[in-house]
Amino acid sequence: MVTSLRPKSGPTRRYRFPEFHDEVLSSGIRLLTAPVEKLPIATILVIVDAGSVAEQRGKEGIASLTAAGLLEGTNRFSGA
């Protein structure tokens, strides 16, 4: 029977979190960035305040209309 032992952990390494930059674009979009220059990757996360909770007074129903349109699709593209 072959058994193996779990490797021992090494010494802890220091980690410095990147500095976050927070700005609002002219379109009103809030942009948060945290550059890590030694990594050649980009991760993008988009959070949109949407749905009936975000509807303006007097414009109720836009979220449902938009959702129905997304399910329906267009002349070129199906909803799926």
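Please treat every number below as a calculation from the coordinates, not as lab data. Small disclaimer: the values here were computed from a predicted structure and weren't measured. When we count neighbours, we look across all protein chains shown, and the Cβ atoms used for this are built from the backbone with ideal geometry, even at glycine.
Between residue 23 and residue 49, what is the label-point separation in nm under the 7 Å Cα-to-beta-carbon projection?
Rounded to a tenth, the inter-label distance reads 2.2 nm.
Per-residue ellipticity at 222 nm for the chain, helices alone: DSSP H runs ≥ 4 residues times -39500 (n - 2.57), over residue total, nearest 500 deg cm²/dmol?
Mean residue ellipticity, 222 nm, calculated: -4000 deg cm²/dmol.
Hey, what did the chain get for relative contact order, percent, Cα under 8 Å, at least 6 apart?
It rounds to 13 percent for the chain.
Net charge near residue 33: determine it from the other residues with C-beta under 9 Å of the C-beta of residue 33, scoring Lys and Arg +1 and Asp and Glu -1.
Residues close to residue 33 contribute a combined charge of -2.
So how much slack lies between residue 59 and residue 8, counting 0.36 nm per residue of separation and subtracting their Cα-Cα distance, in nm?
12.3 nm
Taking only Cα atoms, what is the 0 to 90° angle, nearest 10, from helix 62-72's long axis to the longest principal axis of the chain?
Between the helix axis and the principal axis of the chain, the angle is about 80 degrees.
For P(r) over Cα pairs in 10 Å bins from 0, in percent, pick the label among (i) 20, 49, 26, 5, 0; (ii) 19, 58, 22, 1; (iii) 11, 20, 23, 19, 12, 11, 3, 0 that corresponds to the value derived from the coordinates.
Correct label, based on the coordinates given: (iii).
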